[in-house]
1. Which residues, counting only those in the stretch 104-153, are buried (at least 16 other Cβ atoms within 10 Å of the Cβ), assigned to a strand (DSSP E or B) and of a type in the set (Gly, Ala, Ser)?
2. Select from the stretch 165-182 the residues that are among the β-branched types (Val, Ile, Thr) and closer than 14 Å to residue 100 by Cβ and list them in ascending order.
3. Kindly indicate which of 55, 106 is at pLDDT 60 or above and closer than 24 Å to residue 344 by Cβ.
4. Residues that are within 18 Å of the chain's Cα centre (by Cα), closer than 22 Å to residue 254 by Cβ and outside any strand (DSSP E or B): does the stretch 173-189 have at least one?
5. Are any residues in the stretch 239-254 surrounded by fewer than 19 Cβ atoms within 10 Å (Cβ to Cβ) and either aromatic (Phe, Trp, Tyr) or within 25 Å of the chain's Cα centre (by Cα) (or both), and if so, which ones?
6. Output the residues belonging to the stretch 266-312 that are within 21 Å of residue 353 (Cβ to Cβ) and either in a loop (DSSP other than H, G, I, E, B) or touching a Pro at 6+ places or on another chain (Cβ under 7 Å) (or both).
7. Cβ-Cβ under 8 Å, sequence separation 6+ or interchain: first residue in the stretch 220-235 and farther than 16 Å from residue 258 by Cβ, partner among the aromatic types (Phe, Trp, Tyr) and buried (at least 17 other Cβ atoms within 10 Å of the Cβ). Which pairs?
8. Which of the residues spanning the stretch 199-227 are crowded, with 20+ Cβ neighbours inside 10 Å and either in contact with a helix residue (DSSP H, G or I) (Cβ under 7 Å, 6 or more places away or on another chain) or not in a strand (DSSP E or B) (or both)?
Amino acid sequence: MRKLRNYVVWTLIAAVIEFSVFYYVDNNNFKSVGSYKETPIVVKKASKKFKISIPNGAAFMKMSDDGNYISYYVDGNLKVADTSNGNVDNVQPANNASIALTSWAPGSDILSIVEKSSDSSGTYMKMYSYNADKKEKTERIANDTKKIAKIEVSRKSDKIVDVSESSQTGSFYLKIGTAQNNTEAIYRVNIMNEPQIVDGTEWKTNIGKINQFKLDEKSGDLLVYEDTNKNKVKVEGRNSISLPDVEKQCLLSVDDDNNIYIGSVVDNKVTQIYYGTYQTSASKWQSIKLDSPADASDIFINNIGKIYTVDNLKGIVTDTSTKKTYKFNGTFVQIYDDGVASLDDGKLVNILFK
């Protein structure tokens with residue numbers, strides 16, 4: 001009997017100890033695991049040196065923002081090449097169409113393509129997307145309306161002059177010009193692929209560079225463009241942006257935070273850059289004075305607002321905020337996220353930013 005009693009007692013003691021241990025672990029360690037918030041790991045693609053040759057006579061070279069791909073034309077044919085290995089894909093237009101314009105979508109490896117075609121019903125500008133990773137070209141079709149993105153133009157001589165595409169709103173702006181009377185109009189194609197001419201831009205002679213910014217969640221995007229007659233930068237349906245003591249303006253860029261970048265032009269050179277959001281009074285915008293006046297075409301502003309200037313004669317790119325310089329060889333091609341690309345003796349080469 002005593003042995004049985006002792007067995008029962010020790011069994012109960014063991015059970016109490018085991019329960020206590022599980023209770024402690026469950027209310028401490030397991031509780032902390034249950035309340036743990038996982039932090040996503042963002043892996044940035046490693047910067048790399050380019051390994052690619054570009055054929056003689058290649059024209060209209062454009063790189064994706066990440067530098068993974070470059071598009072160019074050879075004998076009128078559109079090519080897209082992988083900069084890491086030089087593999088080239090031929091991108092063909094649709095039947096009875098010609099490629100009118102290409103532009104890399106911001107922050108992606110998607111090449112936006114506008115093709116021009118004519119048939120018995122009229123002349124059209126039709127939009128496609130080419131996925132460089134998948135090597136697939138598809139029509140731009142709205143998810144909701146299933147409409148194809150295209151614009152009917154009134155003259156066969158009409159051509160695409162400029163383009164702006166937003167990664168934030170999905171809107172697409174096309175500046176279409178005609179050779180007949182040197183006038184231009186800007187079309188907006190929204191995310192539902194519904195094209196319309198932007199008010200105030202109907203076949204004008206004073207439209208310069210175009211871009212767009214996101215006004216707010218309710219109002220969506222707005223067009224911003226140069227009024228070349230007045231040397232001002234305008235926002236659609238609104239007055240010109242008034243910068244104190246700046247007589248002549250040029251539009252430089254818009255970044256992902258919707259900051260508009262405007263150059264102060266003196267003797268056809270940009271001497272100072274002003275930037276801020278449209279919601280902020282222009283008198284409170286920030287500015288940066290360039291060490292040396294530069295052509296607007298030699299100023300590059302990336303999606304996060306880094307400003308670079310290019311001196312083609314010296315082969316130098318300058319980061320205007322840090323004053324750090326990068327020497328490149330050959331002919332300048334483009335600044336991309338991680339560096340500067342140039343064409344040197346038939347090779348596309350790059351210098352990585354540090």
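1. Within the stretch 104-153, 112, 117, 129 meet the criteria.
2. Listed by number, the residues that qualify are 176, 178.
3. On the way: 106 fails: closer than 24 Å to residue 344 by Cβ.
Going through 55, 106 in turn, just one is at pLDDT 60 or above and closer than 24 Å to residue 344 by Cβ: 55.
4. For the stretch 173-189, residues within 18 Å of the chain's Cα centre (by Cα), closer than 22 Å to residue 254 by Cβ and outside any strand (DSSP E or B): absent.
5. Narrowing the stretch 239-254 to residues surrounded by fewer than 19 Cβ atoms within 10 Å (Cβ to Cβ): 239-240, 242, 244-245, 247-248.
Residue satisfying the conditions is 240 alone.
6. 302, 303, 304, 305, 306, 312
7. Partner pairs satisfying both residue conditions: 234/225.
8. 201
The values are calculated or read from the model by the stated rules, or taken from the named source; none is laboratory data. Predicted, not measured: the structure shown is a model, and the values here were computed from it. Quick reminder, even Gly has a Cβ in these numbers, built from the backbone with ideal geometry, and neighbours come from all protein chains shown.
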